[in-house]
Amino acid sequence: MNIVETKLKDCYIIEPNVFGDRRGYFFESFHLKKFTEATGLAVNFVQDNQSSSSYGVIRGLHFQKGVHAQAKLVRVLSGRVIDVAVDLRPGSETYGQHEAVELSADNRKQLFVPRGFAHGFSVLSETAEFSYKCDNYYNKESEGGIIYNDPELNIDWKIPFGKENISDKDAVLPLLADLLKK
């Protein structure tokens, strides 16, 4: 497994070594010891989630606050997405910056999103199945978010204007600047 640093501290792209033959393929999707040695981060995943979405869906940008913050290891089981992590850690040298990476069933890349980050994705294929591990349990009272089209973040979701499919809940999330006022 190849672990690649992104421009955001503690946020990594994981590229598996895939072993294929006439029967199919095998790869190790996560190895705690290798991950910890490469990153210096200790994680203990306690919850797995999966979603299915159609083209144009943008989910996010979501995060959990305080003691319920979550690190996530995300990947695509079928289809193709643009996956986005936004650094929300106060005092971080990359605060307010984002990383966007294409994850797909074909490239088998994963993104490790540390605690203190917002996360979201857009679906580029007809459908996509998205899976992620969390190192903390979901807590409804601790959820937060940032509007997907925040001009300060200027994220290119790779979905043409008017083709976005946003939940009612995500469509009214605040701007990043408004989070600072709370």
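The values are calculated or read from the model by the stated rules, or taken from the named source; none is laboratory data. Predicted model only: the values in this text are computed from it and were never measured. Methodologically, a virtual Cβ is constructed for each residue, glycine included, from the backbone with ideal geometry; neighbour enumeration extends over all protein chains shown.
Got at least one residue in region 142-149 being part of a strand (DSSP E or B), buried (at least 16 other Cβ atoms within 10 Å of the Cβ) and in contact with a Gly (Cβ under 8 Å, 6 or more places away or on another chain)? Don't jump to the end; show me each part of the working.
At the first step, the residues of region 142-149 found to be part of a strand (DSSP E or B) are 143-145.
This time we only want the ones that are buried (at least 16 other Cβ atoms within 10 Å of the Cβ), so: 144-145.
Adding the requirement that they be in contact with a Gly (Cβ under 8 Å, 6 or more places away or on another chain) leaves 145.
Among the residues of region 142-149, at least one is part of a strand (DSSP E or B), buried (at least 16 other Cβ atoms within 10 Å of the Cβ) and in contact with a Gly (Cβ under 8 Å, 6 or more places away or on another chain), which makes the answer yes.
What's the number of the only condition in (1) under 12 Å from the mean Cα position of the chain (by Cα); (2) in a helix (DSSP H, G or I) that A100 fails to meet?
Status for A100: all satisfied but (2).
Being in contact with a helix residue (DSSP H, G or I) (Cβ under 6 Å, 6 or more places away or on another chain), closer than 24 Å to A171 by Cβ, crowded, with 16+ Cβ neighbours inside 10 Å and in contact (Cβ under 8 Å) with a residue 40 or more places away in the chain narrows it down to one of H98, H68, so name that one.
H68 is the lone residue from the list that is in contact with a helix residue (DSSP H, G or I) (Cβ under 6 Å, 6 or more places away or on another chain), closer than 24 Å to A171 by Cβ, crowded, with 16+ Cβ neighbours inside 10 Å and in contact (Cβ under 8 Å) with a residue 40 or more places away in the chain.
Identify the residue in region 1-30 that is polar (S, T, N, Q), modelled with pLDDT under 95 and under 19 Å from the mean Cα position of the chain (by Cα) and, among all such residues, is surrounded by the most Cβ atoms within 10 Å (Cβ to Cβ).
Taking region 1-30 first, the residues polar (S, T, N, Q) are 2, 6, 17, 29.
From what is left, the residues that are modelled with pLDDT under 95 are 2, 17, 29.
Cutting the leftovers down to under 19 Å from the mean Cα position of the chain (by Cα) gives us 2, 29.
Details: N2: 11, S29: 13.
So the residue we want is S29.
Just to be sure I understand, how many residues within region 84-97 are of a type in the set (V, I, T) and either within 14 Å of the chain's Cα centre (by Cα) or assigned to a strand (DSSP E or B) (or both)?
Within region 84-97, residues that are of a type in the set (V, I, T) and either within 14 Å of the chain's Cα centre (by Cα) or assigned to a strand (DSSP E or B) (or both) number 2.
Which of the strands (runs of 3 or more DSSP E) contained wholly in region 1-56 include at least 3 residues that are touching a Ser or Thr at 6+ places or on another chain (Cβ under 8 Å) and closer than 24 Å to E126 by Cα?
It comes to 47-54.
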